[in-house]
Each structure stands twice: as C-alpha cells, then as structure tokens.
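Undergrad: Structure below; questions to follow.
Any read-out appearing in this document is the output of simple, stated calculations on the displayed coordinates, not a laboratory observation. This structure is a prediction, so every number in the text was calculated from the model and none was measured. Every residue, glycine among them, receives a Cβ derived from its backbone with ideal geometry; neighbour counts consider all protein chains shown.
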Amino acid sequence: MKDLSAFNVTHFPSGKQNIAVIDSISALTIVPGGSLYAQDIIESQNTINTPNVTGFTAALQLVYPANSVNPASKSPGGAEFYASPLNLSDAKNVTMEYSVYFPADFDWVKGGKLPGLYGGHTGCSGGAAAEDCFSTRLMWRQGGAGELYLYAPKRKQTKALCSDPQSVCDSEYGLSIGRGSFHYSRGNWTTLRQDVVLNTPGKQDGAFALFVDGMQAINRTDIFYRDAPQQKKKSKSKTKSSTSPTSQQTQGGLLGILAVTAAAQEAVASRSYIIHTAREAPTIIVADKISVDSTSDASEEPAVGFVGLFFSTFFGGHGDGWATPKQQYTWFKDFAITRNF
C-alpha cells in the first residue's frame, strides 16, 4: 500500500491532511514523538511473535491535533472517507477486518470513533435519523472500553437490543451496543473483525458479530438494518391520436432513422409528435391534437443494501469535552472486506 487507491475512495469529506501512508517502521521516527511509538510497535511485535521490524507492512497513520474533536468542529482531527473496494450491491453477509494500534501513552479522553461498514447512502452518522441507511462503526470509550456504535432505524429495534445492560440507545445519536464487552490494547495491535448479516427487509433478524483478537465479544441476531421496500407512485402518460403514420415509417436501417429524424424536425416546427420504435423500423406518427391522461402505477423502492467501508476516526462525541488535550496518533493496517454471500 503506497496510497489509498486500493480502497477505491468515493468520497472524502474531512481530514485528508491528517492521514498518511507509512510503509516502514523507520518512517514513524519522522513524526514528533514517533521514535517512542516506533519502539512500542517493535516491542509489541516481538512480544506476540509477529513479524519483526523488517516485515512491517504498510499502515495508515492518523493524527489527532491537540484540542481536536469531531469533523464538524472548528478543530477537526482524524479523518473520514467512504470507499467501495468491492462490489457489495447485492450482498447480504459481509465481513470487514482491520487492526488498530494505540500508543502506550494514548489518552482515551471520553471516547472516539473507528471504521465500520455502511449501507444505503453516505452521511449515516452525526445524529442522522437513519431511516434509509446504516453504519456499523466501532468506538473506544473511557479506559479503552469498546463497543459497536450503530446507526440504523432507532424506532425499529427490538426492546431486547436497547434494554441490554451493555447497550445505550441514545435518542439523538447512534446506538451503543455491547459497551465494555471488550477493551482496546495500548502499546499493541488490536485486531477487529465484524460480521454483518442484513435483516430480512422489515424484520428484526439482522446479525452483528464482533471478534477482537480472535475472540467473540459481541453477538446479536436481532438487529433491524433496513425496512421493507416502500411503495412509490409513478406517473404514466397515455396518448391518444387519430392520425395515421407518415410515409417514412416503411424505411428501415440507417436510411430509415435519418428519414425519421428529418420528419421529426419538420413535425416539431408545426405540430406535436410521438416517436415509436419497432423491431422492423422506427416510425413517426404526427398528431394534430394530443390528450394526456396521467395514471398512477405502483412500484417498489429497492431495500437498503451494503455500499462499502466508512473509514471514520476522531475524538468525539460532540462538544469540547471530547477533545484530545494533546496531539495523538493511531495506526491502521491489514484491511480486508469479504463478501460471504
């Protein structure tokens, strides 16, 4: 990974200046305080018998400047972008994995956001109603406590999901699911894997499972990600005409098309017209009078589906109380998205 091209970024609303690709441990030393962090990473790799410094793979380095908080604030930190590295348009079951590194002296403050999957459309965050979208970002809280920070239709969730003692269903912002069910490491990599299974449209049978360093931390099978397809009204026109086709309708092929075009130009100068296309040849029918009757034809909006990765990381929450008091860093590596079915 030399840049973000493999992610196929579709929208980058904030934080381009706060993200960089680091392709070696030694590159960390150019960052203020980087030598300390580099040593942390080297020691953690030796401790857990992962590849040594020469085998370090590329990582995304995120900076959170001092006093920075969420992207909408005057001092935004971290970064947010949307990406579609894999076609998930008809997928029902998707897995996303990555590893995140918090330095040994990382100050958790009140909490912050981490990447997840999203569906429907962008902007399923920041207090959105989430009636036609969803996102499955993760969060860190005070002391490094972890959770699923879910955006999905709030009013459609099961009572069991929100009455769980480890869940906090905020009426204005996202739903905190499984808060404290695991903790992020400091001075070590934390490997995260989320398995998301969409619900049957309109039913509360969606699933979310989270594995932290290979151990299951969250397992829900009662999540409502999307509603049933909605009926929409579609306008349809009926045209009545008593006139007969012009002589050009009998000509086929390219000449016929050219003749129809010429006739259409003549017709539009003087009268209303309708073009019909048949297998044998295009035809044009010129009418002196056209009456249009609008009728309604019901059709269905498609159900919300997966779109891709919502890379989102910053301190917040909302308000200065969530801001980091000092400049801080995290690293992300080994991203993988799998379409299961």
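Undergrad: Can you give the FRET efficiency for residue 21 and residue 66, using 1/(1 + (r/R0)^6), R0 = 25 Å, r = Cβ-Cβ distance, to the nearest 0.05? Working shown, then result.
TA: Values: r = 23 Å, r/R0 = 0.93.
FRET efficiency, residue 21 to residue 66: 0.60.
Undergrad: Given N residues in region 64-192, what is Rg(Cα) / (2.2 N^0.38 Å)? Write out the running numbers ahead of the final one.
TA: Values: Rg = 15.2 Å, N = 129, 2.2 N^0.38 = 13.9 Å.
Relative to the rule-of-thumb radius for its length, region 64-192 sits at 1.09.
Undergrad: Next question, about the same structure. Taking one equal scatterer on every alpha-carbon of region 65-141, how large is log10 of I(q)/I(0) by Debye at q = 0.13 1/Å?
TA: Once normalised to I(0) and log-transformed, intensities are -0.51.
Undergrad: Rounded to the nearest 0.05, what FRET efficiency do residue 128 and residue 340 have when you use their Cβ-Cβ distance and R0 = 30 Å? Can you show the working numbers first?
TA: Values: r = 27 Å, r/R0 = 0.90.
Computed FRET efficiency for residue 128 and residue 340 comes out at 0.65.
Undergrad: Mind checking the full-extension length gain between residue 105 and residue 159? Use 0.36 nm per residue of separation minus the Cα-Cα distance, one decimal, nm. Spell out each step's value before the answer.
TA: Working: separation 54, 0.36 × 54 = 19.44 nm, distance 3.88 nm.
Roughly 15.6 nm would be gained on extension.
Undergrad: Continuing with the same structure: Using modelled backbone amide H atoms (1.01 Å from N, in-plane), which distant-in-sequence or interchain residues come within less than 5 Å of residue 126's amide H?
TA: none
Undergrad: List the pairs from 154/333; 16/74; 110/156 whose alpha-carbon separation is above 25 Å, in the order I gave them. Write down the numbers at each step before the final one.
TA: On the way: 154/333 32 Å; 16/74 15 Å; 110/156 28 Å.
Violating the 25 Å Cα-Cα cut-off are 154/333; 110/156.
Undergrad: Under the 0.36 nm per residue contour assumption, what length would be gained going from the current alpha-carbon distance of residue 221 and residue 2 to full extension?
TA: Details: separation 219, 0.36 × 219 = 78.84 nm, distance 3.82 nm.
Stretched fully, the residue 221-residue 2 segment lengthens by 75.0 nm.
Undergrad: Let me ask something else about it. With each label point set 7 Å from Cα along the Cα-Cβ vector, what nm distance links residue 318 and residue 170?
TA: Reported label-point gap for residue 318 and residue 170 is 0.8 nm.
Undergrad: What FRET efficiency would be calculated for the residue pair residue 10, residue 93, taking the C-beta separation as r and a Förster radius of 30 Å, to the nearest 0.05?
TA: Numbers: r = 22 Å, r/R0 = 0.73.
Efficiency, rounded to the nearest 0.05: 0.85.
Undergrad: Which of 75, 312 comes first, and how do the rest follow, when ranked by fewest Cβ neighbours within 10 Å?
TA: On the way: 75 15, 312 26.
With the fewest neighbours first, 75, 312 line up as 75, 312.
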